[in-house]
Amino acid sequence: AQQHQTFVSSNQHHPGFIRLQATGTILALELKTNEQRGYSNNLRFKVIEYFKQNGILVRPLGNVLYIMPPYCITESELNNIYTHIISFLESHLLNR
């Protein structure tokens, strides 16, 4: 949970995010999009494909990505997820 808070603090002003929020072990990230925000946003398909190719299973709800790792996740594994979140933003959202 502390790692989520650190990620939120470090990336609060990142141009690829609309909103970041950490509550306990849940991290919610609203990704910037040119489409209407919400559940039907097509960004979810790009998110799923990118993370799947990198060995990370996610189920975004539209342009909102929830990270709910298992309690047994290692610090290294969680940092890998954070790294891929920023990498996704830089490769798919900021370089359009």
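Round to a whole angstrom and tell me the spacing of the C-alpha centers of the stretch 1-32 and the stretch 37-96.
12
Once the other residues with Cβ under 15 Å from the Cβ of P69 are scored (Lys, Arg +1; Asp, Glu -1), what is the net sum? Intermediate values should be presented prior to the final figure.
On the way: positive: R59; negative: E75, E77.
Here the count lands on -1.
What is the spin-label model distance, in nm, from Q2 to R37 if the labels are put 7 Å beyond Cα along the C-beta direction?
Each label point lies 7 Å from its Cα, and together they span 3.1 nm.
For Q3, what charge total do you get from the other residues with a beta carbon under 15 Å from its beta carbon, if Lys and Arg give +1 and Asp and Glu give -1? Spell out each step's value before the answer.
Details: positive: none; negative: E75, E77.
Spelling it out: positives minus negatives among the neighbours equals -2.
Between Rg and the Kirkwood Rh of the stretch 19-64, both from Cα atoms, what is the Rg to Rh ratio?
Values: Rg = 11.0 Å, Rh = 11.2 Å.
Ratio value, two decimals: 0.98.
Explain nothing, just the number: dipole magnitude of the chain about its Cα centre with +1 on each Lys and Arg Cβ and -1 on each Asp and Glu Cβ, in debye rounded to the nearest 20. Before the final figure, lay out each step's value.
On the way: 8 positive and 6 negative charges, 63 e Å.
It works out to roughly 300 debye.
Between T23 and H92, what is the FRET efficiency for a Förster distance of 35 Å, r being their Cβ-Cβ separation, to the nearest 0.05?
On the way: r = 26 Å, r/R0 = 0.74.
Plugging the Cβ-Cβ distance into 1/(1 + (r/R0)^6) gives 0.85.
In whole percent, what relative contact order does the stretch 2-96 give with Cα contacts below 8 Å and a gap of six or more residues?
Details: 114 pairs, mean separation 24.3, N = 95.
Reported as a whole number, the value is 26 percent.
Add -39500 (n - 2.57) for each DSSP H run of 4 or more in the chain, then divide by its residues: what number comes out at 222 nm, to the nearest 500 deg cm²/dmol? Could you put the intermediate results ahead of the total?
Details: 3 runs with 35 residues, N = 96.
Estimated from H runs of four or more residues: -11000 deg cm²/dmol.
Along the principal axes of its C-alpha atoms, what lengths does the chain span, in descending order and rounded to whole Å?
Projected onto its principal axes, the Cα set of the chain covers 35, 27, 23 Å.
Suppose the chain between S76 and Q12 were pulled fully straight at 0.36 nm per residue; how much longer would it get relative to their current alpha carbon spacing? Can you show the working numbers first?
Values: separation 64, 0.36 × 64 = 23.04 nm, distance 2.16 nm.
The span from S76 to Q12 would gain 20.9 nm if fully extended.
Every read-out reported here was derived from the displayed coordinates using simple, explicitly stated rules and does not represent laboratory data. Only a predicted model underlies this, so the values are computations on that prediction, with no experimental measurement involved. Methodologically, a virtual Cβ is constructed for each residue, glycine included, from the backbone with ideal geometry; neighbour enumeration extends over all protein chains shown.
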